[in-house]
Amino acid sequence: MIESKSWNWAMVDKDDKYWNSPAPEFYYLADNWKNKKFKKILDVGCGYGRNSIYLAKQGFCLDGFDLSELSVERTKENAKKQNLNFDNFVVADMLNFPYPDNTFDGLIAYNVISHTDIEGFKKTLNEIKRVLKPDGEAYFTLGSKKSFWFTNPKCTYVDENTRIRVEDGPENGIPHFYIDDEDCLTLFNDFKLIRVQEVRELTHYGTFSPHYHIWIKK
Ligand SMILES: C[S@@+](CC[C@H](N)C(=O)[O-])C[C@H]1O[C@@H](n2cnc3c(N)ncnc32)[C@H](O)[C@@H]1O
């Protein structure tokens, strides 16, 4: 299995608007999970805490972790500014979640669990299943094999799904796991699919970044 590597958040301004505003999908998800009476939510790879903070303000109880110490530190600081206490957020690796079985109603991992190879991805999926309560749900995003980066010859080949990103930015040297439609139909066999979408978004690189948005249930 490839070694985990966190983002280099020291390269990202702590006040960066994108990394401090919740991803729009969570407006809908919060409403849906409130209707299901979900309470305990886990944020895997919390970044600067933008999604956790939004969900906590909606009344959910958040736990979260990230491999980057700086990310967890800034998440706590940002939460404090909103009168939220995220002292329970910790530094950890998604290959081994630091929580007991059947703990969470919901789990989010926005552009996170792709930072590994095939073996690491399967291990992370097992961890997701382990910590979700029966009927618990997970919402996460994964890069598509249609991504410019998947076919970029500058990126190092690891396995048929995985490349190591080479860039002058916070993701340099970090593994990225990409999927296609066929992978979607096989990788999540241990779960029930709620909704799977492929979304193309224009990024600051000036290229369209295709991602799968995966919503599954234990
Ligand atoms: C694209 S950022 C997304 C941050 C956050 N989810 C958001 O939407 O703002 C990816 C995050 O995953 C974290 N990460 C990468 N590999 C990880 C691992 N093995 N375990 C935990 N976090 C990891 C990175 O440090 C980074 O904070």
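The values are calculated or read from the model by the stated rules, or taken from the named source; none is laboratory data. Note that the structure is a prediction, hence the values are computed from the model and not measured. When we count neighbours, we look across all protein chains shown, and the Cβ atoms used for this are built from the backbone with ideal geometry, even at glycine.
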- Task: For residue 91, state whether it is farther than 23 Å from residue 216 by Cβ, within 9 Å of the ligand (Cβ to nearest atom) and either hydrophobic (A, V, I, L, M, F, W, C) or crowded, with 21+ Cβ neighbours inside 10 Å (or both).
- Result: yes
Being closer than 16 Å to residue 88 by Cβ and at pLDDT 95 or above narrows 38, 60 down to just 60
inquiry  = Suppose the filter is in a strand (DSSP E or B) and either small (Gly, Ala, Ser) or buried (at least 18 other Cβ atoms within 10 Å of the Cβ) (or both); does residue 214 pass it?
reply    = yes
Of the residues in region 8-58, those that are of a type in the set (Phe, Trp, Tyr) and touching a strand residue (DSSP E or B) at 6+ places or on another chain (Cβ under 8 Å) come to 26, 33, 38
Going by the conditions given, is residue 1 in a loop (DSSP other than H, G, I, E, B), in contact (Cβ under 8 Å) with a residue 40 or more places away in the chain and more than 10 Å from the ligand (Cβ to nearest atom)?
yes
Conditions (1) crowded, with 21+ Cβ neighbours inside 10 Å; (2) under 18 Å from the mean Cα position of the chain (by Cα) -> residue 79 fails only (2)
Over region 74-88, the set of residues away from the ligand (no atom under 12 Å from the Cβ) and either assigned to a helix (DSSP H, G or I) or within 21 Å of residue 103 (Cβ to Cβ) (or both) is 76, 77, 79, 80, 81, 84, 85, 86, 87, 88
Counting only residues in region 94-117 that are in contact with a helix residue (DSSP H, G or I) (Cβ under 7 Å, 6 or more places away or on another chain) and near the ligand (Cβ under 7 Å from one of its atoms), the one nearest to residue 178 (Cα to Cα) is identified as 116
Log entry, pairs with first residue in region 121-138 being touching a residue at least 12 places away in the same chain (Cβ under 8 Å) and hydrophobic (A, V, I, L, M, F, W, C), second being in a helix (DSSP H, G or I) and within 13 Å of the ligand (Cβ to nearest atom), beta carbons closer than 7 Å, six or more apart or on different chains, reads 138/128
Here the residues within region 4-19 that are within 9 Å of the ligand (Cβ to nearest atom), of a type outside the set (A, V, I, L, M, F, W, C) and surrounded by 14 or more Cβ atoms within 10 Å (Cβ to Cβ) are 4, 5, 6, 8
Report yes if residue 127 is surrounded by fewer than 23 Cβ atoms within 10 Å (Cβ to Cβ) and within 18 Å of residue 7 (Cα to Cα), otherwise no.
no
Those strands (runs of 3 or more DSSP E) completely within region 148-199 that have 1 or more residues that are touching a residue at least 12 places away in the same chain (Cβ under 8 Å) and either farther than 21 Å from residue 67 by Cβ or among the aromatic types (Phe, Trp, Tyr) (or both) are 175-179
Legend entry - Flag for residue 71 being near the ligand (Cβ under 10 Å from one of its atoms) and either more than 19 Å from the chain's Cα centre (by Cα) or crowded, with 22+ Cβ neighbours inside 10 Å (or both): yes
Picking from 64, 59, the residue that is away from the ligand (no atom under 14 Å from the Cβ), not basic (Lys, Arg) and not in a helix (DSSP H, G or I) would be 59
